[in-house]
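Worksheet for the structure shown next.
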Amino acid sequence: MFGVNSTFDVAFWFSDQALNENEYLQPQKLHRLLYLSQAHYAVAYKGAKLMPAVFVADELGPVEPTMYQAFSNGRPDVQVELFLPNEVELFLNSIWRRYGHLDANRLNKITSDNNAFMIALRKGKRVEIPLEAMMAAFKKKSKNEPATDSRGGKILVTQHGAPVSVKAWVPGAKSAPSE
């Protein structure tokens, strides 16, 4: 299951967004935005793909081969969804706000300076970048982010370093007796 039916839906959304802001969307920038969208969507939606796309490592950065071919002579004449699902539209807006103002060189640096891309490129040119690796590369890890136990409860440590499993306090709820 994907957020959209076609990668063209997302590519045209970004192209139209740039056009609405009187900006030329370079093909390189489009590919980086597609890659970032796929990675961040997978992080946000627990491994789900935004679009049916495969990204490969190229010397300049990640590329979606089908989009590369389709856009090689300009915007292709294909039919796309005019209205994307609301949650996808909101998601793409957030990607555009975060990355749309950056130039292609800055986006190249962001997308090329991560383990997912670098590992794939070391294996060879045009090697597929796995979605799991993309997720790992863009998942924010906070030093203060607590670990979780097998039931999903947070594991924190006391001032002495002893692990303590913690759950939310519910007013009026009876706590289990101590052993």
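Quick notes
- Test: residue in the stretch 124-134 that is modelled with pLDDT under 95, out of contact with any helix residue (DSSP H, G or I) (no Cβ under 6 Å at 6 or more places or on another chain) and loosely packed, with under 12 Cβ neighbours inside 10 Å: yes
- So ARG151, is it modelled with pLDDT of 90 or more, among the basic types (Lys, Arg) and out of contact with any Asp or Glu (no Cβ under 9 Å at 6 or more places or on another chain): no
- Number of residues in the stretch 56-80 that are under 21 Å from ALA120 (Cα atoms), hydrophobic (A, V, I, L, M, F, W, C) and touching an Asp or Glu at 6+ places or on another chain (Cβ under 9 Å) equals 2.
- Scan of the stretch 1-30 for residues that are of a type in the set (A, V, I, L, M) and in a helix (DSSP H, G or I), ordered by number: VAL10, ALA11, ALA18, LEU19, LEU30
- Filter result for ASN86 (surrounded by fewer than 17 Cβ atoms within 10 Å (Cβ to Cβ), of a type outside the set (D, E, K, R) and touching a residue at least 40 places away in the same chain (Cβ under 8 Å)): no
- Scope the stretch 59-83; condition hydrophobic (A, V, I, L, M, F, W, C), assigned to a loop (DSSP other than H, G, I, E, B) and touching a residue at least 12 places away in the same chain (Cβ under 8 Å); matching residues: LEU60, PHE71, VAL78, VAL80
- Enumeration of residues in the stretch 31-58 that are within 20 Å of MET118 (Cα to Cα), aliphatic (A, V, I, L, M) and in a helix (DSSP H, G or I): LEU33, LEU34, LEU36, ALA39, ALA42, VAL43
- Within the option set TYR24, TYR68, being more than 17 Å from MET135 (Cβ to Cβ), touching a His at 6+ places or on another chain (Cβ under 9 Å) and not charged (D, E, K, R) holds for one residue only, TYR68.
The values are calculated or read from the model by the stated rules, or taken from the named source; none is laboratory data. It should be emphasised that the depicted structure is a prediction, and the values quoted were computed from it without experimental measurement. Counting neighbours? That spans all protein chains shown, and the Cβs are built from the backbone with ideal geometry, glycine included.
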